[in-house]
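*Asks:* Okay, here's the structure, questions in a sec.
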């Protein structure tokens, strides 16, 4: 079942095209990371999905409700972490959460139970009676996340969820997201933290100048934009002429005194054949392993291609 | 699992029945109000003036009243003393409500500035619930202070040395005035807040509220001192008129506020800077665009068909309202002329030959050219003034300024008929050019009304700003395409043809 379906969503502010025919679908219980440079249209997309901004054209449904026809129902199904935490600094955390619980029409006992449990989960239970003005930046961010989760929404739209957090707090948040994902909650996360996005997201969407320029699972995007898996072979001793000796088996991309790197379209066939050849040449192999590809590599390549720069010549596919 | 999660969130925001819907809206609004009021009472900058104005200032006012009464009584001017006491009651009531403006600006634009509005906008609350909640929260603390201050002041005067016995209706009037003034300031502040992103800019723009309110208070003070019916048990008539006028203003401001207080407007605007060039470009494009194609018109005919007629279609309702007001104005003038105290002493049986002789001098070309210029300029500036004033009065000024001439016409017609004179010359003098001029004036007035009123209910899918710019584009289109050519033609007929037709009906020429 698709929890978020976006079709050709467009937003124009006066003469500025902020979001240009964005289409996405996010299945129940999955995480989509929306990446892109500042001003790419991430926040505007999230605001349209929260029915804060109306689309100029296109449609979307969230949890089965239409963002144009049923805005109140959509907002009831969504927990939002906004770009700025926007807390009321004169209130205590307990009052703040009680206020939002009332807004979401939670019963008094439920409000208190949910607030206490979430505050505990994020390590804030000791700060319940503290005024929010006294909270640190990271605590404020965590409280804003608690607010977004307070009404137990099936969909969470999180704008930079771990920004301003220390590593421990950021891990707490990531763990919470993974846990909630297991509980069939659906996430749309916008972030500049590519490691985090790679770790959490089932689907990556890269948006630039309002357009989605890449969309898919990380592995698909890596294959499409960075190429086939890159393998590295390291030998015990320096060698001469190995590149030439294996050129009929693999296309070597780079090499050193005791290593070569090559693209393996079919590692199950190529790697054993290569190992046999190297052994036959009397060279001892220390390791043969894939060079890890990161989302950063993918992202930079996608953006580079979209900028119209020459495509990566090393890309095979 | 997912559907269970979806069900976990309450979504029954739609209540059946108008009563239930209203209760639901109000109860949601009060959630906001409670939080905001509590927050206001935590701010010493708000609490301190409220306490001072509620508990200290009334005693000062009472002391001043006592001293002033004794002083003026010494000179035999008891009346001034008597009128000062209710005047000070109004002042005691007004000072605290001036805080409502500060709270409203803080509540709306302050939240925008601190970015705490977006989480609230992401909740299921409707725009109306948010608007009502915030409006009430800006009004309740200052109004409580105001009513408290007035109670303290009256108590000290009633039970004090002066043993003041106020007219109950006057007290009711002052309380009503205070309440509507608070509403005007708060609803005005919402409009101001929506146009800014910083408290500083909002405070600067707030002078658009403060200055008219100050003038109003001065007017009310003058009324309270000078009104001949100041002691009337039904209250001061002029104050009732002010209250009714303020209620109309509040109603219009509430409508504008409710239109403006929407998520799109609140978050869509990111800068306070005016992009005049961009605005001019957009308006200009709207003026020359053919609506069906969205492209600039290639010929005059295409522009009229696809642009001007589309604009005329949008002002249809305003045109019917204008026609209705013009007819009423004509009828009012006629009825007024029937009242004995308004009748003119016309020579009932006298000949109009002298008039004909005077008129004949206006039938030579040189005076006619001057007449043409004068008529064109006169009509154009009245319509221009009506349009400009309509922008700042939700269109009301257009319906006040232009119909005035129809009141005069109705009045003159009644006088002519009462004098037993054949009104044919009058019809000739009005209708010859009126055939063109009256429809043009109706269209121009309706366009001004539409331009002013569009902010109270923007067309669906448009923000207030977009709607107003589009309406301004329509106004320019109609102005260039219909009103200006119409006025030129009407002035030409009035200068060159109308005098001759009138002469004919008078037997001259």
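*Asks:* Sort A:85, A:192 so the one with the fewest other Cβ atoms within 10 Å of its own Cβ comes first.
*Replies:* Taking fewest neighbouring Cβ atoms as first place, the list is A:192, A:85.
*Asks:* If you don't mind, there's one more thing I want to ask. Provide the FRET efficiency to the nearest 0.05 for the residue B:328-residue B:218 pair, computing r from the beta carbons and using R0 = 35 Å.
*Replies:* 0.65
*Asks:* What does a probe at residue A:237 reach in segment A:268-295, counting residues whose amide N is under 17 Å from the point 7 Å along Cα→Cβ?
*Replies:* So the set is A:278-287.
*Asks:* Let me ask something else. Taking the Cα atoms only, what angle lies between the long axis of helix A:93-103 and the longest principal axis of chain A, rounded to 10 degrees?
*Replies:* Tilt relative to chain A: about 80 degrees.
*Asks:* Okay, next question. Chain A: percent of C-alpha pairs farther apart than 30 Å?
*Replies:* That fraction is 46 percent.
*Asks:* Once all Cα-Cα distances of segment B:77-216 are split into 10 Å bins that start at 0, what whole-number percent is in each one?
*Replies:* Taking all Cα pairs of segment B:77-216, the binned fractions are 11, 36, 27, 16, 8, 2, 0 percent.
*Asks:* Once you average over the residues of A:96-107, how many Cβ atoms of partner chains fall within 10 Å of each Cβ?
*Replies:* The mean count of partner-chain Cβ atoms within 10 Å per residue comes to 4.
*Asks:* Right, here's the next one. Rounded to whole Å, give me the distance from the Cα center of segment A:20-70 to that of segment B:374-439.
*Replies:* 55
*Asks:* Please compute the length gained on full extension between residue A:69 and residue A:1, using 0.36 nm multiplied by the number of residues separating them and subtracting their Cα-Cα distance.
*Replies:* 22.4 nm is the gain from fully extending residue A:69 to residue A:1.
*Asks:* Give me the three principal axis extents of segment B:194-308 from the C-alpha atoms, as integers in angstrom, largest value leading.
*Replies:* 69, 38, 24
*Asks:* Any idea what the relative contact order of segment B:16-268 is, in percent, if you count C-alpha pairs under 8 Å spaced at least 6 apart?
*Replies:* Taking the mean separation of contacting Cα pairs over the length of segment B:16-268, I get 27 percent.
*Asks:* Taking Rh as the Kirkwood radius, which is the inverse of the mean 1/r over Cα pairs, what is the Rg/Rh value for chain B?
*Replies:* Dividing the radius of gyration by the Kirkwood radius yields 1.06.
*Asks:* Mind giving me the FRET efficiency for residue B:158 and residue B:341? R0 is 60 Å, r the Cβ-Cβ distance, nearest 0.05 is fine.
*Replies:* Result of the calculation: an efficiency of 0.90.
*Asks:* For the Cα atoms of chain B, what angle does the longest principal axis make with the long axis of helix B:127-158, in degrees from 0 to 90, nearest 10?
*Replies:* It works out to around 70 degrees.
*Asks:* Just A:276, A:223, A:47 to compare: in a GNM of chain A, with alpha carbon springs under 10 Å, which one fluctuates most?
*Replies:* The residue with the greatest mean-square fluctuation here is A:276.
*Asks:* Now for a separate question. In Å and from the alpha-carbon atoms only, list the Rg and Dmax of segment A:61-137.
*Replies:* Here Rg and the maximum Cα pair distance are 14.4, 42 Å.
*Asks:* Stokes-Einstein at 4 °C, 1.567 mPa s, Kirkwood radius from Cα pairs: D for segment B:16-268 in µm² s⁻¹?
*Replies:* 67
*Asks:* Please compute the Kirkwood hydrodynamic radius of segment B:276-506 from all pairs of different C-alpha atoms, in Å with one decimal.
*Replies:* Across segment B:276-506, the inverse of the average 1/r is 19.5 Å.
*Asks:* Still on this structure: How would you order A:68-77, B:375-384 from highest to lowest mean count of nearby Cβ atoms within 10 Å?
*Replies:* A:68-77, B:375-384
*Asks:* Would you tell me the mean number of C-beta atoms belonging to other protein chains that fall within 10 Å of each C-beta in A:140-152, as a whole number?
*Replies:* The per-residue average across the peptide is 1.
*Asks:* What is the average number of partner chain Cβ atoms found within 10 Å of a Cβ in B:120-129?
*Replies:* Mean partner shielding for this stretch: 6.
*Asks:* Can you give me the relative contact order of chain B as a percent, contacts being Cα pairs under 8 Å and 6 or more apart?
*Replies:* Value for chain B: 15 percent.
*Asks:* Another one. Quick one: helix B:424-453 against the long Cα principal axis of chain B, what's the angle to the nearest 10°, folded into 0 to 90?
*Replies:* The angle comes out at about 30 degrees.
*Asks:* So for the pair residue B:385, residue A:258, with labels modelled 7 Å out along Cα→Cβ, what separation do we get in nm?
*Replies:* For residue B:385 paired with residue A:258, the spin-label model returns 9.7 nm.
*Asks:* Students often check this: by mean Cβ neighbours within 10 Å, which of B:39-49, B:280-290 ranks highest, and how do the rest follow?
*Replies:* For the peptides B:39-49, B:280-290, the packing ranking is B:280-290, B:39-49.
*Asks:* Let me ask another. If segment A:229-309 were replaced by its equivalent ellipsoid, with semi-axes equal to the square roots of 5 times the Cα gyration tensor eigenvalues, what would those be, largest first, whole Å?
*Replies:* They are 28, 13, 12 Å, listed largest first.
*Asks:* Restricting things to alpha carbons, tell me how big segment A:1-127 is in terms of Rg and Dmax, in Å.
*Replies:* My reading of the Cα-based Rg and Dmax gives 17.0, 49 Å.
*Asks:* Let me ask you something else. Most exposed first by the Cβ proxy, i.e. fewest other Cβ within 10 Å, how do A:28, A:195 rank?
*Replies:* By the 10 Å Cβ count, ascending, the order reads A:195, A:28.
*Asks:* What is the distance, in nm, between label points placed 7 Å from the Cα along the Cα-to-Cβ direction at residue B:79 and at residue B:210?
*Replies:* So the label points at residue B:79 and residue B:210 sit 3.6 nm apart.
*Asks:* For the protein assembly as shown, state what percent of all Cα-Cα pairs lands in each successive 10 Å bin, counting from 0 Å until the bin that includes the largest distance.
*Replies:* Percent of pairs per bin, in order: 2, 10, 15, 16, 16, 14, 10, 7, 4, 3, 1, 1, 0, 0.
*Asks:* Now a separate question. Determine the principal axes of the Cα atoms in segment A:252-299, then give the extent along each, sorted from largest to smallest and rounded to whole angstroms.
*Replies:* The Cα atoms of segment A:252-299 stretch 40, 25, 16 Å along their principal axes.
*Asks:* Right, here's the next one. Once the Cβ-Cβ distance between residue A:304 and residue B:27 is put in as r, and R0 is 51 Å, what FRET efficiency do you end up with, to the nearest 0.05?
*Replies:* Given R0 = 51 Å and the Cβ-Cβ separation, E is 0.40.
*Asks:* Moving on to the next point. Neighbouring Cβ atoms within 10 Å as the yardstick, rank A:263, B:305 fewest first.
*Replies:* The fewest-first ordering by Cβ neighbours comes to B:305, A:263.
Read-outs throughout are calculated quantities, based only on the coordinates presented, and are distinct from any laboratory measurement. Keep in mind it's a predicted model, so treat the numbers as computed, not measured. Methodologically, a virtual Cβ is constructed for each residue, glycine included, from the backbone with ideal geometry; neighbour enumeration extends over all protein chains shown.
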